[in-house]
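The values are calculated or read from the model by the stated rules, or taken from the named source; none is laboratory data. Computed from a predicted structure; not experimentally measured. In this analysis, Cβ positions are derived from the backbone assuming ideal geometry, glycine residues included, and neighbour counts consider all displayed protein chains.
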Amino acid sequence: MTAADSARMHEVSDETAAIVDLVLEYSRNRLLAQDTPLDKPLPQAELVRLAGRTISEQGIGARKALGIFEHVLAPACISIDDPAYLSFIPAAPTKAAAAFDVVVSASVLYGGSWLEGAGAVHAENEVLRWLAAEFGLPEGAGGVFVQGGTLGNLSALVAARDAARRRGRSPERFAMVCSVEAHSSNISAAKVMDVDVIAVPAGEDGILRADAVRAALEEHGDRVFAVVATAGSTNFGIVDDIAGIAALKDEFEFWLHVDGAYGLAGMLSPLTRSLFAGVERADSLVVDPHKWLFAPFDACALIYRDPQLGRIAHTQHAEYLDTLTETGDWSPSDFAIHLTRRPRGLPLWFSLATYGAGVYRDAVSHSIELARRIADEIESRPELSLVRQPMLSVVVFEREGWTKEDYNRWSAQLLDEQIAFVTPSSHAGRTNARFAILNPRTTFERLVEILDTMTERRAGPSRTEGR
Ligand SMILES: *Cc1c(COP(=O)(O)O)cnc(C)c1O
């Protein structure tokens, strides 16, 4: 092998130019496509058969590899940005945000240190400051974009425990308080940290309230280092009584972490802003731009009231890193459990700068209004009933007489016929249907069409299949 051969992949040449053109043309088409199908997964054996072997000593060439991606692999991935994707928490990046993600990759930006990525970090920090101000946090608040809410929650809770230790607290077992309806990632964080979880019952309506938290603090307060309040539960979009829980900080010593991975974006809308009173007292919070802030995967904004506490907890020290950590520069790596990172906040920065914050408020409000409208429609249908009134943009409802199998079959059929992606959920042991509404291109009519499939003969599984 010659030197020229080994540099072939990196040099600017006719070959590499052709590869770049192919990829950018595909990207452009996908970004501007009007008719992207919903798509669905395929069994592995089918993918083996269709894709064949793609990795060899010689390579198959960009045209063939991209062809396999376009015709085999991509169609076996659900289009998360489809307006009929209503499961879990959808993603619906703005065109500016999704397009700018290409720029972030093309520029090979490193977002871990100020030394290497000052410009990118500066822009990310402007977004974090804007978010912090929206949430009512003080001037000095700041943090970092991490991969997702799971890592954001873990990093915040590690900082919380570190702060408790620094204040001289050393119980035999640390514990954190959260709602029984809190997101699973908080439980997972406790497991990683080897701390106890005190799961406090929420009200009938799913809201964690101050009196329940107070009881837990009175019983276990000496070992509680953090209370997690949920600002928009994933299953229902329920916002805890954050103001009431925050007020307990006057009597008890704990770090208030607000898990708003999905719902905290609801603070941008005047329709729901007041639900989040108390967030301004949070010691840390997370919100996922890849959820309701219309950024591409994957990004979680982790913000500390006092970023110094995050930095003390997380800065990695090593001989080769000292040149970075001794400067006192703002290096995003220092604020969470990670080191190397892409500046994943930049797509949101570019989109916010492009369109302005106002249209983001409108887009969030659109989801909330649509959720309220379809909830009314559900209530008006005798076969359907709401499990709870929606607080944000998640609508959970039941179809009278349906078993779990009925919901599963209905859901599979919707995907199979490429009508919608609506996976069943459950509450208190009862299966239900759930719309997570987030995509500004989702319409009332589209949702009504889906409701119709639950009552029409053709799609009422228990009738058509005559069980
Ligand atoms: C989605 C979600 C998480 C987890 O976030 P990831 O980005 O999926 O890791 C945590 N908490 C809540 C409330 C969520 O909705």
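May I ask you to say which residue of ASP298, ASP322, ASP288, ASP329 is within 13 Å of the ligand (Cβ to nearest atom), surrounded by fewer than 24 Cβ atoms within 10 Å (Cβ to Cβ) and acidic (Asp, Glu)?
Of the residues listed, the single one that is within 13 Å of the ligand (Cβ to nearest atom), surrounded by fewer than 24 Cβ atoms within 10 Å (Cβ to Cβ) and acidic (Asp, Glu) is ASP298.
Looking at region 67-87 only, could you name the residues that are of a type in the set (Val, Ile, Thr) and assigned to a helix (DSSP H, G or I)?
If the condition is that a residue be of a type in the set (Val, Ile, Thr) and assigned to a helix (DSSP H, G or I), then ILE68, VAL72 are the ones that fit.
Cβ contacts < 8 Å: first residue within 12 Å of ALA261 (Cβ to Cβ), restricted to region 172-192; second residue among the β-branched types (Val, Ile, Thr) and at pLDDT 95 or above, any location; separation 6+ or different chain. Result?
Close Cβ pairs (under 8 Å, with a partner that is among the β-branched types (Val, Ile, Thr) and at pLDDT 95 or above) amount to ALA182/VAL228; ALA182/THR230; HIS183/THR230; HIS183/THR234; SER185/THR150; ASN186/VAL197; ASN186/VAL228.
For the structure I just gave you, tell me whether SER385 is touching a Lys or Arg at 6+ places or on another chain (Cβ under 9 Å) and modelled with pLDDT of 95 or more.
Here the answer is yes, as SER385 does meet what is asked.
LEU275 versus (1) under 24 Å from GLN147 (Cα atoms); (2) within 15 Å of the ligand (Cβ to nearest atom); (3) among the hydrophobic types (A, V, I, L, M, F, W, C): which is the lone unmet condition?
Among (1) under 24 Å from GLN147 (Cα atoms); (2) within 15 Å of the ligand (Cβ to nearest atom); (3) among the hydrophobic types (A, V, I, L, M, F, W, C), the lone unmet condition for LEU275 is (1).
Considering ARG214, ARG281, ARG209, which residue is under 15 Å from TYR304 (Cα atoms) and touching a residue at least 24 places away in the same chain (Cβ under 8 Å)?
ARG281
Restricting attention to region 164-186, and to residues there that are closer than 23 Å to HIS427 by Cβ and surrounded by fewer than 15 Cβ atoms within 10 Å (Cβ to Cβ), which single residue is farthest from the ligand (Cβ to nearest atom)?
VAL180
Does VAL239 satisfy being closer than 23 Å to ARG166 by Cα and under 21 Å from the mean Cα position of the chain (by Cα)?
So VAL239 fails the test.
State all residues of region 360-401 that are assigned to a loop (DSSP other than H, G, I, E, B) and touching a Pro at 6+ places or on another chain (Cβ under 8 Å); if no residue qualifies, say none.
Result: GLU400, single match.
Condition check: without any contact (Cβ under 8 Å) to a residue 12 or more places away in the chain and surrounded by fewer than 22 Cβ atoms within 10 Å (Cβ to Cβ). Does ARG273 satisfy that?
Yes: the conditions hold for ARG273.
Here's a check for you: in region 240-260, which residue that is within 13 Å of the ligand (Cβ to nearest atom) and assigned to a loop (DSSP other than H, G, I, E, B) is surrounded by the fewest Cβ atoms within 10 Å (Cβ to Cβ)?
Across region 240-260, the extreme among qualifying residues is GLY260.
Please determine whether any residue of region 219-236 is hydrophobic (A, V, I, L, M, F, W, C) and surrounded by fewer than 16 Cβ atoms within 10 Å (Cβ to Cβ).
No.
From the list GLY237, GLY221, pick out the single residue that is in contact with a Pro (Cβ under 7 Å, 6 or more places away or on another chain), among the small types (Gly, Ala, Ser) and either modelled with pLDDT of 95 or more or not in a strand (DSSP E or B) (or both).
GLY237
Residue-wise test of (1) among the hydrophobic types (A, V, I, L, M, F, W, C); (2) exposed (fewer than 15 other Cβ atoms within 10 Å of the Cβ).
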| residue | (1), (2) |
| --- | --- |
| SER365 | no, no |
| LEU370 | yes, no |
| ILE374 | yes, no |
| SER385 | no, yes |
| VAL395 | yes, no |
| LYS404 | no, yes |
| TYR407 | no, no |
| GLU417 | no, yes |
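Looking at this structure, is PRO83 touching a Pro at 6+ places or on another chain (Cβ under 7 Å), surrounded by 15 or more Cβ atoms within 10 Å (Cβ to Cβ), in contact (Cβ under 8 Å) with a residue 24 or more places away in the chain and of a type outside the set (Phe, Trp, Tyr)?
no
Select from region 446-462 the residues that are surrounded by 14 or more Cβ atoms within 10 Å (Cβ to Cβ) and at pLDDT below 95 and list them in ascending order.
THR455, ALA459, GLY460, PRO461, SER462
Going through region 419-429 one residue at a time, which ones are touching a strand residue (DSSP E or B) at 6+ places or on another chain (Cβ under 9 Å), in a loop (DSSP other than H, G, I, E, B) and surrounded by fewer than 21 Cβ atoms within 10 Å (Cβ to Cβ)?
Result: THR423, PRO424.
So VAL158 ticks every box in (1) within 16 Å of the ligand (Cβ to nearest atom); (2) out of contact with any strand residue (DSSP E or B) (no Cβ under 9 Å at 6 or more places or on another chain); (3) not in a helix (DSSP H, G or I) but one. Which box is left unticked?
Exception for VAL158: condition (3).
Looking for whichever is outside the structural domain of ASP362 (by TED's automatic domain parsing), more than 29 Å from ALA363 (Cα to Cα) and surrounded by 15 or more Cβ atoms within 10 Å (Cβ to Cβ) here; the options are VAL146, VAL108, VAL158, VAL104. Which one fits?
Just one listed residue meets the conditions, VAL158.
Does GLU204 satisfy being free of Cβ contacts under 8 Å to residues at least 60 places away in the same chain, assigned to a loop (DSSP other than H, G, I, E, B), surrounded by 17 or more Cβ atoms within 10 Å (Cβ to Cβ) and charged (D, E, K, R)?
Against the criterion (free of Cβ contacts under 8 Å to residues at least 60 places away in the same chain, assigned to a loop (DSSP other than H, G, I, E, B), surrounded by 17 or more Cβ atoms within 10 Å (Cβ to Cβ) and charged (D, E, K, R)), GLU204 does not qualify.
Residues being under 26 Å from ASP81 (Cα atoms), without any contact (Cβ under 8 Å) to a residue 12 or more places away in the chain and among the small types (Gly, Ala, Ser): count how many of those fall in region 4-49.
Of the residues in region 4-49, 1 are under 26 Å from ASP81 (Cα atoms), without any contact (Cβ under 8 Å) to a residue 12 or more places away in the chain and among the small types (Gly, Ala, Ser).
Of the conditions (1) closer than 30 Å to ARG28 by Cβ; (2) assigned by TED's automatic domain parsing to the domain that holds SER331; (3) out of contact with any helix residue (DSSP H, G or I) (no Cβ under 8 Å at 6 or more places or on another chain); (4) not basic (Lys, Arg), ILE89 clears all except one; give me its number.
Only one criterion in (1) closer than 30 Å to ARG28 by Cβ; (2) assigned by TED's automatic domain parsing to the domain that holds SER331; (3) out of contact with any helix residue (DSSP H, G or I) (no Cβ under 8 Å at 6 or more places or on another chain); (4) not basic (Lys, Arg) is unmet by ILE89, namely (2).
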